[in-house]
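Just so you know, all these numbers are worked out from the coordinates, no wet-lab data involved. What you see is a predicted model, and the numbers here were worked out from it, not measured in a lab.
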């Protein structure tokens with residue numbers, strides 16, 4: 001969708017269109033990569049759509065690092081379910097292995113994207129969907145396991161709030177992204193939503 005093909009996402013353009021001989025894995029880039037891909041906050045404003053990707057540089061890269069607007073995965077509350085993945089799995093080794101593998105793969109892909117491509121909101125697609133999926137599955141399992149317990153209503157409310165906020169944030173980001181495609185291609189639609197919040 002972003003580049004004209006649904007299979008052309010993440011750092012594919014960097015890997016296929018640029019001289020990658022200057023890029024490589026550097027261990028000192030691990031912590032900046034984790035910050036940008038998992039923790040980097042949104043920019044907030046008082047006007048619609050209220051959240052937008054931020055342009056944040058740590059200045060600790062030692063060499064040129066491509067950096068553009070982005071945000072961290074933990075800005076999406078559904079991803080928070082990942083933190084409860086191990087306690088929820090209990091003795092189910094297959095489920096535990098699946099969750100650990102998904103999170104480890106996301107960390108590896110984030111590090112790879114950072115080292116080979118840099119920081120860009122497009123690259124978040126490489127890790128955000130799997131992390132949201134694992135987080136949402138864990139939240140659903142937490143709700144089902146708490147059924148019939150005195151705190152079940154609180155767990156259910158927390159899960160619904162996390163899911164709802166994730167949908168709202170993702171919806172807001174549709175209106176404020178790199179291409180501003182809705183603002184440019186469907187200005188009436190953008191104005192309709194913008195007028196709802198005036």
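Comparing 187, 130, 53 in a Gaussian network model of the chain where C-alpha atoms under 10 Å apart are linked, the largest mean-square fluctuation is found at 187.
The alpha carbon gyration tensor of segment 20-70 gives principal lengths a ≥ b ≥ c with a/c of 1.5 or higher and a/b greater than b/c, which makes the shape prolate. Taken over the chain, the alpha-carbon convex hull comes to 152 cubic angstrom per residue. Only DSSP H runs of four or more residues enter the estimate; each adds -39500 (n - 2.57), and after division by the residues of the chain the mean residue ellipticity at 222 nm equals -16000 deg cm²/dmol. Picking from 50, 42, 114, which is most flexible by a Gaussian network model of the chain using Cα springs under 10 Å? Answer for the Gaussian network model of the chain: 50.
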